[in-house]
Amino acid sequence: MRIYQEKDYNAMSRRAASIIAAQVVSKPDCVLGLATGSSPVGTYQQLIKWYEQGDLSFREVRSVNLDEYYGLAPDHDQSYRYFMQANLFDHVDIRPENTNVPDGLAKDPAAEGARYEKLVEGLGYADLQLLGMGRNGHIGFNEPCGEFPVATHLVDLAESTIEANARFFASADDVPRQALSMGIGTIMRARKILVVVSGADKAEAVAKAVFGPVTPEVPASILQLHPDVTLVADEAAMSKAAEVGKA
Ligand code: GLP
């Protein structure tokens, strides 16, 4: 695993954006696996800036998002489809038909999981998969559990995730209890993985993911087994990993 420790959120975002830009420049029709949450927002802002300056184009890029809340319509302002439009897609030249997010309104979530998995497989999986990390070490919406889920599936969200994400909703009661998420197997098939993490509240998860045992109780720990992972973290997020790393 390659680790970049950056001073703060902005530096983390610029570094992550440069890695994505390198991918897009070297393979203009690449498949980007994209993520939501507050961690990648600055990365997307930097990419938009480079697009506006004429330095980067997403014209041929295909994208697959990690996950979607189950039960939210695409135009719900907390859905991940809405997030992607607002934070990236509406501001760059990616073709709408080349962007993919699981359907949060699918009547049959198992069938939707299977459809989405096939779609990602049909695209050859991601050339580069961007990930944030939950405070409990989740990636996508793969919560700590007894075994690593393989393919795209319906997830029951952990209580801690509902609490963490309540800040975006009117109250915790409004946070959906379930989500459709790529599985760990889907994520691990990406050729490159880029993880962005910032803030002291992630420090424990980062330390466990990078230096702890590989266990489905810390889903991000599986990344230790992937041959091409880059972690870009700010100093606060690295504080505990740095201690363990020295020991
Ligand atoms: C959500 C998303 C994850 C994201 C995580 C962390 O639950 N499903 O993909 O990485 O939360 O979010 P944040 O970056 O806002 O801390």
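The values are calculated or read from the model by the stated rules, or taken from the named source; none is laboratory data. If you're wondering where the values come from, they're calculated on a predicted model, not measured in any experiment. Note: ideal-geometry Cβ built from the backbone for every residue, glycine included; neighbour counts use all protein chains shown.
Is it the case that some residue within the range 168-181 is at pLDDT 95 or above, touching a His at 6+ places or on another chain (Cβ under 9 Å) and of a type outside the set (Asp, Glu)?
yes
Taking the condition within 15 Å of the chain's Cα centre (by Cα), farther than 24 Å from GLU147 by Cβ and either surrounded by fewer than 21 Cβ atoms within 10 Å (Cβ to Cβ) or of a type outside the set (D, E, K, R) (or both), does ALA233 pass?
yes
Read through the list (1) farther than 27 Å from CYS30 by Cβ; (2) within 11 Å of the ligand (Cβ to nearest atom); (3) of a type in the set (A, V, I, L, M, F, W, C), then give the number of the only condition that VAL244 fails.
If we test VAL244 against (1) farther than 27 Å from CYS30 by Cβ; (2) within 11 Å of the ligand (Cβ to nearest atom); (3) of a type in the set (A, V, I, L, M, F, W, C), just (2) comes out false.
Among the residues of the range 154-193, write down those that are farther than 23 Å from ALA110 by Cα, among the hydrophobic types (A, V, I, L, M, F, W, C) and either surrounded by fewer than 14 Cβ atoms within 10 Å (Cβ to Cβ) or touching a residue at least 12 places away in the same chain (Cβ under 8 Å) (or both).
Matches in the range 154-193: ALA164, PHE168, PHE169, ALA170, ALA172, ILE193.
Counting just the residues of the range 121-148 that are near the ligand (Cβ under 9 Å from one of its atoms) and of a type in the set (Gly, Ala, Ser), which one comes out farthest from the chain's Cα centre (by Cα)?
GLY134
Looking only at the range 52-84, count how many residues are within 20 Å of ALA126 (Cβ to Cβ) and not basic (Lys, Arg).
Residues in the range 52-84 being within 20 Å of ALA126 (Cβ to Cβ) and not basic (Lys, Arg): 14 in total.
Can you pull out every residue in the range 123-146 that is under 26 Å from LYS240 (Cβ atoms) and charged (D, E, K, R)?
ARG135, GLU143
Please state which one of MET12, MET1 is touching a Ser or Thr at 6+ places or on another chain (Cβ under 8 Å) and closer than 11 Å to VAL196 by Cα.
MET12
Residues being within 16 Å of the ligand (Cβ to nearest atom) and either closer than 19 Å to GLN129 by Cβ or of a type in the set (Phe, Trp, Tyr) (or both): count how many of those fall in the range 47-97.
Number satisfying all stated conditions: 15.
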